[in-house]
Amino acid sequence: MKLGKERREDSEYVRGGQCGIFVFVESLTGWGHVSAQERRTKIDGAHQIDELLTVRFLHAKKVGLVSDNLNTPMISSRYEAFSPEKARALAKRLEMHHTPKHGSWLEIAEIEINMMTTQCLNRRIDTIETVRDELIVWEKDRNKAPKTIDWQFSTDDARIKLKRLYPNI
């Protein structure tokens, strides 16, 4: 400060924290599940997949999971999180499908996240507990009137639209 100059004040943004949100959507029935975690590590992802297979799809012999290319759904994460026997049992029931690296628009979960963000998380929320409470209410409302997804983007359409990603034979 100098004599004759206006007083200046500066403020600094203090980040209160962040969380990782896991999203699962069953496109044929419209069911969805969201879970806020303090982190988004591959161990956290392994526990989410464990819950999916041992709670929601307990009696399913095989579950197809379409996922992005992050480390959370990788089979190695389950071997790090669980005993080899449990990891193998989960792996045998899980059929993984990964979206193209530059094709997040293919992910139904991306649509779900967009809806969740605009309908539920469109403001600053102070604590992860509040985020979890908000997501529980949003998920219940969302699943009361589930919206199925009529995926009309065929393999032929993908080959035309994404031809640069396919090898020339």
Item checked: Residue that is modelled with the highest pLDDT, among those in the range 73-92 that are surrounded by 16 or more Cβ atoms within 10 Å (Cβ to Cβ) and in contact with a strand residue (DSSP E or B) (Cβ under 9 Å, 6 or more places away or on another chain) -> Arg78
Check: Can you find a residue in the range 102-109 that is within 22 Å of Leu53 (Cβ to Cβ) and not in a helix (DSSP H, G or I)?
Finding: yes
Check: Between residues in the range 133-162 that are under 16 Å from Ile108 (Cα atoms) and residues that are open to solvent by 90 Å² or more (accessible area, probe 1.4 Å) and among the polar types (S, T, N, Q), which pairs lie under 9 Å by C-beta distance while being six or more apart or on different chains?
Finding: Arg142/Gln119
Note to self: Among (1) over 29 Å from Arg78 (Cα atoms); (2) part of a helix (DSSP H, G or I); (3) open to solvent by 80 Å² or more (accessible area, probe 1.4 Å), there is one condition Ile136 misses while meeting the rest; what is its number?
What the structure shows: (1)
Next item on the list: Would you point out the residue of the range 21-39, among those that are open to solvent by 40 Å² or more (accessible area, probe 1.4 Å) and in contact with a Pro (Cβ under 7 Å, 6 or more places away or on another chain), that is modelled with the lowest pLDDT?
Entry: Thr29
Notebook entry, point to check: How many residues, within the range 50-60, are among the β-branched types (Val, Ile, Thr) and within 11 Å of Arg93 (Cα to Cα)?
Noted result: 1
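The values are calculated or read from the model by the stated rules, or taken from the named source; none is laboratory data. This is a predicted model, so every value here is computed, not measured. Please note: Cβ atoms are built from the backbone with ideal geometry, for glycine as well, and neighbour counts cover all protein chains shown. The protein model used for the area step is the full one, side chains on, heavy atoms only, and it has no ligands, DNA or RNA in it. Shrake-Rupley method; radii C 1.70, N 1.55, O 1.52, S 1.80 Å.
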